[in-house]
Each structure stands twice: as structure tokens, then as C-alpha cells.
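Inspection log for the structure reproduced underneath, given as C-alpha cells.
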Amino acid sequence: MGVMNDNGGECLMGFRGLRRRKQVDSDNLKINRGDQQLAKRLNAIDLVGIGVGTTIGAGVYILIGTVAREQTGPALPIAFLIAGIAAALSAFCYTELSCRCPSAGSAYHYSYICIGEGVAWIIGWALTLEYAIGASVVARGVTPNLALYFGGEGNLPLILARHTMFGIVVDPCAAALVIIATLLLCTGIKESSLAQTIITSINVCALGFVIVAGGYLASKNGWVGYDLSNGYLPFGVNGVLGGSATVFFSYIGFDSVTATAEEVKNPKRDLPLGIGISLSLSCILYMILSFVIVGLVPYYDLNKDTPISSAFSEYGVQWAALIITTGAIMALLAALMGSLLPQSRILMAMARDGLLPSFFSVIDKRTQVPVKGTIAVGILAAAIAFFMNVSELAGMVSVGTLLAFTSVAISVLVIRYIPPNELHLLASAGESSSATGGHGQSMPGADEDVVKGSFTLLGNDCEDLILKRDPCDGASIDQEAYLDNQKGQRRRKLATWFLTTICIGVIVLTSSASAESLPSPIRITLCGVGGVIFMLGTIGLAFIGQDGAAGRFGHTGGFTCPFVPYLPAACILLNTYLLINLGIGTWIRVSVWLLIGALVYLFYGRTHSLLLDASYVPITHTEDI
């Protein structure tokens, strides 16, 4: 059996390095020839605090006014419900992968295992930009809210106020808050998650006040916001759907939970609970809050900038603005920590794999967190928040998230229908019997039974490697029949074609649906063709059935995504549509960042990857078809 070597020359000539995939490696991980791992100290309550804190940002205090006035009217709660269901599609996919592959890195880590190094690099690089800009945008939003305590920005203390230097508006308060959040994250994952949970609790209490007090005022005055002549859907169904696309980004944040998967005590139990509860709680709060506010005053009277405060002011309750402002500031602080936390973990995962300098993967022995990487991330975010007006860059935040959501959905389909079936070996023949890790390197002292999983390696010559099923896996299977199972290979090739067909159909359908400049007949025709291609691929996967090896891939026994392949396919379709509609300006700016990332990968990551000299032996799985 031939051994395929992915070296630097082949990568440069045939781009084979972009397809390199690592193995699930969270157990018995050996990092940079050391034994340091992140501390496993988080439980389900900590994960809910992180998830809710990152999801319920200060945007909800502003967003409901804009969406209600321009898109949904009183039907705003329905828009939040539809968006919550759409976000749950990605949450299901994330939850399965986080249970199967509970290591730091989130979507980057899953893409590297299931799709390949090239896609993983793009996802990791895009998420790095997302979290850096997201943290800066959040930090910049604190100063205007803080000014309300002092009667306006003109009354802020000199050290907190914004200043103009050489034509640049600097924000020392924003930079200081980023530094404070960074220091909190450096104290340890348990300590920082506790602080974020406390901050989030204050925010939720403020929202609770708005709901209770607003509901009382609305019921006392007959819910005047719903007593309208133009009905409950003044902008029609299309307006509600458009509003759902807008508020969808209010649910971004639950993916931060998966970035801490390596630090969870019981990932199979706590990760599904953390993601599910945080997303459900956020959806419920959003729906109740929007129901109360649009019932308090007519939607067209809501202030775009301060909808909640203005609604209370209509009833002479100006003092409520202080409570609402407190909630907004707490939401900003929680979201700030929620942006910095996953960024340091993703950079750490990329450094572990050799794609970035090892500086980012150094774990402090006392706090057991990547202190150096966290400080570097904090300094960068503080500098951006201090010097740059990042409001024009805010749209770029969505690109990384939607790319990650799409890659995660594809990864679920890969695991279920064409799970990776290659075993990493050492490039040198004389060391093939050594334990090999997920990075394709020798791991002295590692537990060989764990590393090899269901396979036993015999002999010193990789070319003559013999693979045997572990007897504990169940029925005895003839070795030759196991390796030469052509039926299983044909099924995998067919599944690959169907998955490719789904992606082609999604691109055709979403592109034509978004091309408003096309004549209607051509646009409708292309949408129909794309839809048919998409459905053929999805139904084809459902018809051939899932790979028998999917049940043994990664860490089994955790949460599994339901309604496969339909749910992941719908997730791919939705996120691709949102990606295409982000706007040409956003894509131009993102393309510049991705081009920089391509250069970094070409001149550093590609040549320093720990899989550079890895060898692979294909393993043919027996299928029960």
C-alpha cells in the first residue's frame, strides 16, 4: 500500500498541502514537546455565562428601534423567533463537533480535522479579524453610554473623554477597558468566567426591569403599540423576513462557548447544555423585550438610537434611563470579554499546529491560560480601539462568523458521510512504530493505545504497514476483505460528489437570488436550477446513508446533530445567502485581510506546519449498506 507524502514541494506545485488534515487530538495532547494544557475548570453554568454575555450585547438596546421602524413593525418578536431558529441550525452543528473534538480552536479546529489545512487557515484568519474588530467596536461604544451618567460627553472627566489628535479621534476609555478585560482573562479561565457571569447577570437584571416595568406600563395603558390601523404586519411578510436577517447577528456569540471546549470538565454533558441554554435564554429575552417595547409605544414613534429609553420617557419615567444605561454598559463589558477570550484560543490552536509562531501557544504554568497570546491580543485590540473609528469596519465582523458557520455545517456532513480515513505516520520508515500524534509527529511517552485508536501498527516499514481491527470493537472481520472493500470506497466517492453538488447548488441559488440587477426570467430560472441541484445533492446524501465509521469518529457518546443531512444543508444555504448579501464594500475590505493572510500562510504557515512531513495511510472502512 502506497504512502502519500505531503511535503513542501508538492504543496507548492499541486497545492496538496491545503488538503492536509489533522486528527482529533484533545486527549493525551503533547504540545510543542511539552505537557502543558489548558485547565479544565469550566462547568455548564460558566458556559452559560460566557454564551449569554457574548450573545446579548448592547446592540439589543438599539437594534430593536431600527428594525421595528423600518422592517417589522409590531411583528418584531416573530423576527427574533425566526432568527433564533436559524441560529439554532448552526448551534446544532457546533454542538456535535465540540463534543467529538473538544479542543481549543472552535471552527478552525473542526475545519482542520474535517476539510483541510487551507480552509482551516482561512477560517482562523477571518475569525482573528472578527474578534479584534468586534472587541474594538464594543469598547468604543462604552464612552457614549458612560457619558450619560455625567450629563453628556462634554462633562466626562478629561481622562475618560475622547480627544482629537492630528485629526484622529482617540478614545482612552475604550483602550483602558480593553486592558482591564485582558488582565481579567489572564488571571485564569475560572476567574474570568466568574467575572463575566457577574457582569452578564447585571445586564440580565436590567433587561428584566425593562420587561417588568414596561409590561406594567403597557398593560396599564392598553398596549397602545398593538392598536394600529395598518395591522400587525405593516411591512408584510417580506419585512419580517428582512428583519430576521438583520437581527440574526444578535445571536452571534454562542460560538465563543465552543472555543473553550478544552477547558470544560465534562464536555460531552456541559457543552450541549451551555450552548443550548445560552441560545434559548437569549432568544426568550429578545422576544419578550421586543414584545414589551413595541407594545409600549407605536413602532413608528420609537427612537432609532435610544428606543428603550425613549419608550419609557413617553410615560414620564426618565429615571429608568440610568438603569437601562447600566445594563448597556454591562452588556458591552461582557461582549468585550467574549471577543477577547476566543481570539486567544484560536491563535493558540493555530500556533500549536505550527501555522503561527509558538509564542501564541505558550501556556502559563500558574494560571494555565495562554497569557502571552492574550496580552498580545489585548494590546492589538486596545490600539485599534484607541486610534481608529471602527464603525465603518463593523460589517467585517459578520464575515468571519458566517464563514465559520458554513465550514462547521460542511464539517458535520463530512464526518457523517465521508469521515477522514487516513492514519498519520512518521515520514521516516524507521520510526513508524512510534506513537504518532494528531500533528503527525512522534510523541515519546504517549499512550499508544489511545493514539492509535482502533488500529494496531506493526512493523518498521511504512510501505508494508498492516492494519488490524481492535478486537474490542466487535465482530471479527476478514482483514483482506476489510482493506479491499470496494463497495465502501464507491459509497464514499458518491458521497463526495453529492456534497460537492450541494455546494454548487447553494452558490448558484444564493447568487441568483441576490442578483437584483438580472432580468426576472433569468433570475427565476437560475434560482430554480440552483434549487434543483441543491435538492439533488441533499436527497442523494440521505439516500446513500451515513458512513459506518462516523459513529466511531472522535469522542463518541456526546450530542449528535439531528436531521442530517437536511439541517446542515439548510445551514450552509442560509449562511451563504447572508454572506453574499453583506455588500461589496465589506467584501473588498475583507479580501484585503484575506490576501494578507494568504501571504502569511505562503511564507510561514505552509512551511512550518506540523503536518509538513507527515505521511498518511488510507484506511478502508467496512460499511453496512
Residues whose modelled amide H sits under 5 Å from the amide H of Glu422, counting only those 5 or more places away in sequence or on another chain, are Ile619
Phi angles of the stretch 137-146, converted by Karplus (6.51 cos²θ - 1.76 cosθ + 1.60, θ = phi - 60°) into ³J(HN,Hα) in whole Hz with x for Gly and Pro, give 4, 4, 4, 5, x, 6, 4, x, 6, 5
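How do Leu336, Leu273, Leu573, Leu228 line up, fewest other C-beta atoms within 10 Å first? Don't skip to the answer; put the middle values down first.
Details: Leu336 32, Leu273 18, Leu573 22, Leu228 14.
Fewest to most other Cβ atoms nearby, the residues stand as Leu228, Leu273, Leu573, Leu336.
Can you tell me the order of 379-386, 407-414, 493-500, 326-333 when each peptide is scored by its average per-residue count of other Cβ atoms within 10 angstrom, highest first? Intermediate values should be presented prior to the final figure.
Details: 379-386: 20.9, 407-414: 27.0, 493-500: 16.4, 326-333: 24.4.
The most tightly packed comes first, giving 407-414, 326-333, 379-386, 493-500.
For His608 and Ile284, compute 0.36 nm times the residue count separating them, minus their Cα-Cα distance, and round to one decimal in nm.
On the way: separation 324, 0.36 × 324 = 116.64 nm, distance 4.62 nm.
Going from the current span to full extension adds 112.0 nm.
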Subtracting the Cα-Cα distance of Asn266 and Ser520 from 0.36 nm times their residue separation yields 86.1 nm
Exposure proxy check on Lys372, Lys220: fewest-to-most Cβ neighbours within 10 Å is Lys220, Lys372
The stretch 302-422: relative contact order from alpha carbon pairs under 8 Å, six or more residues apart, as a whole percent, is 12
Rh (Kirkwood, all Cα-Cα pairs) for the stretch 59-169, Å, reads 18.2
Cα-Cα longer than 27 Å, checked against Lys190/Lys304; Lys265/Lys493; Lys220/Lys304; Lys190/Lys268; Lys265/Lys372, kept in input order, equals Lys190/Lys304; Lys265/Lys493
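Quick one: net charge of Arg162's neighbours, Cβ under 10 Å, K/R +1, D/E -1?
Numbers: positive: Arg140; negative: Glu153, Asp171.
Neighbourhood net charge equals -1.
Could you sort 170-181, 187-198 so that the peptide with the highest average Cβ count within 10 Å comes first and the rest follow in order? Provide the component values of the computation, followed by the final result.
Working: 170-181: 22.2, 187-198: 19.4.
The peptides rank, most packed first, as 170-181, 187-198.
Taking a ≥ b ≥ c as the square roots of the Cα gyration tensor eigenvalues, with a/c under 1.5 meaning rounded and otherwise prolate when a/b beats b/c, else oblate, which class fits the stretch 90-247?
On the way: a/c = 1.80, a/b = 1.15, b/c = 1.56.
Verdict is oblate for the stretch 90-247.
Any read-out appearing in this document is the output of simple, stated calculations on the displayed coordinates, not a laboratory observation. Just so you know, these numbers come straight off a predicted model, no measurement behind them. Counting neighbours? That spans all protein chains shown, and the Cβs are built from the backbone with ideal geometry, glycine included.
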